[in-house]
Ligand code: PEP
Ligand code: MG
């Protein structure tokens, strides 16, 4: 095709025109749907993406042929229509076709002032967005005849030609500038950040202007039928007489739509038109199967629907809308389930700061992502990752965040930035991740090199200091604030109930304490998949008994210390069984190296020596003897169980005695006992023999019969490879992918944060394997273990309980591999339930 030849590939949108979302974009497709629903949409022409691309590279469409569709005296708008509305696009340009002749006619009909204002606005918009002149020269002037003359003169001086009067020339310029804006680097990067493919094209929509200016009722507005924050059914929007475009949303004089004590409303002004809008809204909802925001214009009492877009909504509203549509029979329950992004649920789940508690506010900013979290301050993404690897919640404090901070944000429980607004990187990503987030806290001063944050009142905070971020109010608080559990409403429960009907993989929770267990139950976990019992030993009274046990010289002394721990553990397990009400509870036997329970400072050692009534030198010597070069690969897990079997004996007894008490109370329970860090069959044999003996002893002593299931945690590559023989003694295998990842890569889970950024940036790893399961390597071990284990024992229960358990990607992997369940932290259970349902659909 020659460059000079004009393109003619455009379509008038009619009910039967060939309009596709891929070619003409979502807006063109949506307008066609509105036309099919017989809504009063003005004449509209759609340009496909390939034509727009050709325009960007120098060709032009036949503008006179387009204008011919709009009558003798065309006045039109051009709107962007990418395939996906989230990909943005250049701003809409209104009033193309405006010129001095139209100005004069308008002045006669509607007065000089209205004509001057409209024309000035067009010239301003054209100069800035189409001719790309400096906005300072055009914006911020009050409309008047003089201002219009000045604008036309400035245009002429800057462009070396008069302001174009010919509508075809105007249209060509507008199309060219919009086509080129789409190809610009910034626009490209922005849309790619929102998931647009590199080759994403832009369709354009040319539409007859409905002016919103006239003698009779005239104006423009927007209307929607739900609250965008709560999702409750409610008419929302604004109307402004003698206006056009989105004026009603930006100008203070706009009036309400429905009757309102605070002022006049469209409902009172034009009840019939208002009723028409309600009817159009209902038609859209039923037939487009979505809550839409309708942009409308009234010209001399004549209503036009210019556009309809999906109502922008919070995660909470999105869920409520989906459930309401399904309950009204507009969509099916499974479609409602599919419409809610699993990761979006986290925003609904986060705790809130208890308004009744004390609030020591040290900074205020924009409440960019709701929920609240407490953690230690970190000033870099690396520090955030290191903190997460240590299992310490942290709050990422930055001047502003950039794409390379994404890993740090993943690792943080909340984010605070000095700069930015609702759509800055931190805000957008924070909302996406469900992370409480405050941006634009401009009253703080940050010194990242010195790792210091200074509040307005002069208070200083350092890395490691504990603060609370209230992303709902935009306030940062000193210390750990009192929290309220998140509210779950009926819509939330309904959606997850539908999800449960659809999914085909179980979801359990990792819960160590009664409060974790309660959260897990509240969030619909089908049991506890991992109870890390060592977390029960850090309370003051238990720590003393633990230390006595560690320092015991003889098995008898050790037994005495363990006897003190026994009732405490029994009570722990009893509570878990009670809370879980018959759901399975999988208890992992003691896992960490013993020295984790010893003091690390001299002062601490002295106190311990006093408490144990032993010489400091002896205590110090014992502590040193326990220290290991590589404790995570040392005397921990089942190795402790083999070398100091009394610990596991005590735990098994506590579990069985709690089982007996629960059974006696009328609640059936079959505890699951899991052995950590196994690498050889013989380890399992040794532990199993002793636990069976403890079970027999408890049965004999109490006269109560009960069952239990013994399983193995697969955390070493060897256990996965030898799963066939290990399964001879195990009713279930649970893959601990944290340690398994560590050992498969030979990569310390506590230190990897230091270089993970570089590794991911350099493409060594596609993702941090401690966050996203490495399906190629670690995943292969999972598949080998599962296959070999099931060959030995067909009914072997298989699961995953590492941190990966709640990720939709890992759930997909486990489901494909035929696992029975995944276990994840309680707060991720709803997301996992929903993600699992998505996979089954
Ligand atoms: C694991 O290793 O995956 C696991 C769940 O255990 P922990 O994180 O307690 O080592
Ligand atoms: Mg582990």
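For residues in region 389-404 being modelled with pLDDT under 90 and over 18 Å from the mean Cα position of the chain (by Cα), which is surrounded by the most Cβ atoms within 10 Å (Cβ to Cβ)? Among those that are modelled with pLDDT under 90 and over 18 Å from the mean Cα position of the chain (by Cα), it is 389.
What are the residues in region 802-818 that are over 15 Å from residue 783 (Cα atoms) and either free of Cβ contacts under 8 Å to residues at least 40 places away in the same chain or part of a helix (DSSP H, G or I) (or both), if any? Listed by number, the residues that qualify are 803, 804, 805, 806, 807, 808, 809. Mind checking whether some residue in region 37-54 is out of contact with any strand residue (DSSP E or B) (no Cβ under 7 Å at 6 or more places or on another chain), closer than 16 Å to residue 307 by Cα and modelled with pLDDT of 95 or more? Yes, that holds for at least one residue. Here residue 717 meets each of (1) touching a residue at least 24 places away in the same chain (Cβ under 8 Å); (2) away from ligand 1 (no atom under 14 Å from the Cβ) with one exception, condition (2). With the condition kept exactly as written, say whether any residue in region 687-694 is within 16 Å of ligand 1 (Cβ to nearest atom), assigned to a helix (DSSP H, G or I) and without any contact (Cβ under 8 Å) to a residue 40 or more places away in the chain. No, region 687-694 contains no residue that is within 16 Å of ligand 1 (Cβ to nearest atom), assigned to a helix (DSSP H, G or I) and without any contact (Cβ under 8 Å) to a residue 40 or more places away in the chain. When region 783-801 is filtered for residues that are within 16 Å of ligand 2 (Cβ to nearest atom) and not in a loop (DSSP other than H, G, I, E, B), the ones remaining, listed by number, are 785, 799, 800. Residues considered: 788, 833. Of these, the only one that is surrounded by fewer than 24 Cβ atoms within 10 Å (Cβ to Cβ) and touching a helix residue (DSSP H, G or I) at 6+ places or on another chain (Cβ under 7 Å) is 788. Being more than 16 Å from ligand 1 (Cβ to nearest atom) and out of contact with any helix residue (DSSP H, G or I) (no Cβ under 7 Å at 6 or more places or on another chain) is the filter here, so list the residues in region 579-609 that pass it. 581, 582, 583, 584, 600, 601, 602, 603, 604, 607 - these are the residues of region 579-609 that are more than 16 Å from ligand 1 (Cβ to nearest atom) and out of contact with any helix residue (DSSP H, G or I) (no Cβ under 7 Å at 6 or more places or on another chain). Against the condition assigned to a loop (DSSP other than H, G, I, E, B), more than 16 Å from residue 790 (Cα to Cα) and more than 11 Å from ligand 1 (Cβ to nearest atom), how does residue 698 come out, does it pass? No; evaluated as a whole, the condition is false for this residue. Of all residues in region 295-324, those that are outside any strand (DSSP E or B) and surrounded by 24 or more Cβ atoms within 10 Å (Cβ to Cβ) total 5. Selection within region 733-774: residues that are more than 16 Å from ligand 2 (Cβ to nearest atom) and crowded, with 23+ Cβ neighbours inside 10 Å. The member of this set that is farthest from residue 587 (Cα to Cα) is 756. Of all residues in region 199-223, those satisfying the criterion of being farther than 22 Å from residue 28 by Cβ and out of contact with any strand residue (DSSP E or B) (no Cβ under 6 Å at 6 or more places or on another chain) are 213, 215, 216. Number of residues in region 140-163 that are surrounded by 12 or more Cβ atoms within 10 Å (Cβ to Cβ), without any contact (Cβ under 8 Å) to a residue 24 or more places away in the chain and touching a helix residue (DSSP H, G or I) at 6+ places or on another chain (Cβ under 7 Å): the value is 1. The helices (runs of 4 or more DSSP H) located wholly in region 204-294 that include 2 or more residues which are under 23 Å from residue 312 (Cβ atoms) and touching a residue at least 40 places away in the same chain (Cβ under 8 Å) occupy 271-288.
The values are calculated or read from the model by the stated rules, or taken from the named source; none is laboratory data. Everything numeric here is computed off the predicted structure, so don't read it as measured data. Quick reminder, even Gly has a Cβ in these numbers, built from the backbone with ideal geometry, and neighbours come from all protein chains shown.
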